[in-house]
Structures are given as C-alpha cells and as structure tokens.
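The values are calculated or read from the model by the stated rules, or taken from the named source; none is laboratory data. Predicted model only: the values in this text are computed from it and were never measured. Every residue, glycine as well, gets a Cβ built from its backbone with ideal geometry; the counts of neighbours run over all protein chains shown. Side chains included, ligands, DNA and RNA excluded: accessible areas come from the protein's heavy atoms. Shrake-Rupley method; radii C 1.70, N 1.55, O 1.52, S 1.80 Å.
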Amino acid sequence: MAKIASVVLTQNLSDTQRTTSFNHSANDDEIPTIDYSMLICSNDPDQRLKALQYLAYVCEEYGFFYLVNHGVPDSVIERALNGISDFFNLTEEEKMDYEKKDSTDRIRWGLGFSPGDHEAVKREYLKVLPHPKFQGPAKPAGFREALEDYYRRDREVIINLAKAVSKTLGFEENYLEKEFELETGADVSAMNVYPPGFKPNTQIGLPAHYDPGYLVSLVQNVNGGLQLNYKQKWINVDMPSNALFINIGDHVEVLTNGKYKSPMHRVILNNEVRRVSVATVHGPSLDTFVKPAPEFVVESHPPAYRGMIYKDSLEANGYNEIDGKSCIAQLRL
C-alpha cells in the first residue's frame, strides 16, 4: 500500500508563506493528501483504482486528510471567508438578532464553545443549516449569496467523496447515500473567528471534541490552529494551499462498527492573527436510524455502538440540531 501512496499522493507538510505560529504541545507529523481529480475525475481506470485503494487506507488508518484539486474555485472560498469576516465585524447589536431563541433556530450566533463558557473559550461563531434548505443572514450585503454558493459546491464534493468511501467499504457507490438518506441529509455549518490577543492561560480556542455526521469539511483563511489526536499524540494541521481538510464523522464510525473512526481534534489560538474558519458537518437525514451495519458485525466483532436516530443524537446532552454536537461517548458501548 505504501508504494501505491507514492503514486497517487503528494505530501505537503507546510506552506511556509501561509503557516503561522500556532503551537501547543503538538508534532508536525505528515497528514495524507488525497487528490480529488485522480479519485473522481480521472479517465485512467488504473489511476482511479490506486487512488481508491489509498483512500481506503487513509480512512482506516487516519480518519482525516487534505483534499486537493477538488474543483471548488479559490474565488468562491475567498468570497465566503471574506463575508464571514465582515459578518463578525458587524456591531454586537446587529449580530444579536441571531442569538439563541429556541430549539428550532436555523441561524445562531454566539460566543464560546457552549452557552455560558465564553469567558474561558475565545471563540465567536455563526451557525447555519445549509441543507436540505439553506437560510443565511441578511447582513452584510452579498454574504448570504456567497455562503450559498460555497455550500453548494462543497456539498457536491462531499457527495462524490461519499461515493468513493462507499466503494472503499466494498459496496456500490450509492451505499452511504442510501444508508444515510442523503437527499434530505441534515448539514450543520459553524463559521468561527478566533481573535489574537489571548492570555497565556487561555490558549485553547476550541476544546478537544469529535464531530457528528458522515464527513466533515473545513476551510480557513490562515494556516495552523487545528490539531488532530492521532495515536495518542497531537499533530498540527498545516494545510496545503487551496486544500479542504476532511475528517470522518461519528456516524460513519458507528455504521462501520469502528472500521473507520471519527478523530478527536481541537483548536489552538494564535497571538498574531485572526483565524476565520468554516467547518461543515455533513449528516444523515434527521430521521435516519444509524447503527452498525450487519456487514461489519461478526461473532469476533460484535456491535460496539448503540443505534440512535440522527436527530436524537444531535439533541443528546441538551443540545439542539444547529449546535452540531457529538454524542459519540453515549453511542460507544
């Protein structure tokens, strides 16, 4: 498998022109890079097969990777990130129009990681539900349209990735689409700003956590900040230019009975730059009951997770759908 990797993979540990000084007890180990064009678009069957075999290895061994040549134009990503930055520059009074109202919120603005913790966690966020029906803030001008364009293109990439992941599991390409009812899949997106100027004892921007859903995509305006826990150690995410960062979500872990695992990750603050990011959790339909599939349950490997309706998993621990919070600890047996 390592020989295959060298054919279809280009490792890019760092882009020194974009890397900032994020560091909090982490290593700079290599993170796999998947070339979307080889995986999805190549007309060479051998090239596509090798890319698929490598994706299978990466999903099982890592659960996360950089995605390059994905086809989402730089201008679309830049327009969305600039719009997010402009939203966070609105007055607090304007942003408070989207403060938590009730459990049915489809747009929500707030501070911190969870309600009430913003004094300890330096993060401002805006959350929306891009799919199955997108709604976005009315201000600033053009922001809603920029977001909608980005989410449409991002989802197209993710659906194609889901087809490829289905094949890596030994099924036809629509396997995950059918199992998770993705036509009405419930996506949750968190736009975050992590400002500079933290005190030494408040370096955590977002505590260690997991993500629900089947696949999660991330873009950001500067390099650094995100750290992944891999084999009991933290590693820095130094994204190649123009890449998406992808990780496996909790519900692929549950469906595959732990074959593919959702990785733990956190965000570390930087005292020099303002980091803006968009993390989108792509999820099953809210009514989908997700449990280990029979194909991944054998006598030597019984079910390691309890089944749960996706909506119930999002609302576990007192959260709402738009919070997009993981409950993997309750799902693991």
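Descriptive notes on the structure:
- Residue in the stretch 192-207 that is within 18 Å of the chain's Cα centre (by Cα) and open to solvent by 20 Å² or more (accessible area, probe 1.4 Å) present: yes
- Of the candidates I246, I309, I268, the single residue that is open to solvent by less than 30 Å² (accessible area, probe 1.4 Å) and over 20 Å from T168 (Cβ atoms) is I268.
- Among the residues of the stretch 55-76, just one is surrounded by fewer than 21 Cβ atoms within 10 Å (Cβ to Cβ) and closer than 26 Å to P196 by Cβ, namely D74.
- Listed conditions (1) in a loop (DSSP other than H, G, I, E, B); (2) surrounded by 18 or more Cβ atoms within 10 Å (Cβ to Cβ); (3) modelled with pLDDT of 95 or more; (4) not aliphatic (A, V, I, L, M) are all met by K133, apart from (2).
- Qualifying residue in the stretch 170-185 (condition: among the basic types (K, R) and modelled with pLDDT of 95 or more): yes
- Exclusive hit being open to solvent by 20 Å² or more (accessible area, probe 1.4 Å), over 27 Å from Y319 (Cβ atoms) and within 19 Å of the chain's Cα centre (by Cα), set N221, N236: N221
- Against the conditions (1) part of a loop (DSSP other than H, G, I, E, B); (2) in contact with a strand residue (DSSP E or B) (Cβ under 7 Å, 6 or more places away or on another chain), V281 satisfies every one except (1).
- From the list R79, R108, the one residue that fits, being touching a residue at least 40 places away in the same chain (Cβ under 8 Å), outside any helix (DSSP H, G or I), closer than 30 Å to N160 by Cβ and of a type in the set (K, R), is R108.
- Scanning the stretch 151-178 for residues that are in a helix (DSSP H, G or I) and more than 20 Å from the chain's Cα centre (by Cα) yields K167, Y175, K178.
- Considering the stretch 281-306, the residues that are open to solvent by less than 20 Å² (accessible area, probe 1.4 Å) and of a type outside the set (A, V, I, L, M) include one that is farthest from Q227 (Cα to Cα), namely T288.
- Residues of the stretch 271-280 that are open to solvent by less than 10 Å² (accessible area, probe 1.4 Å) and either polar (S, T, N, Q) or within 18 Å of L161 (Cα to Cα) (or both): S277, T280.
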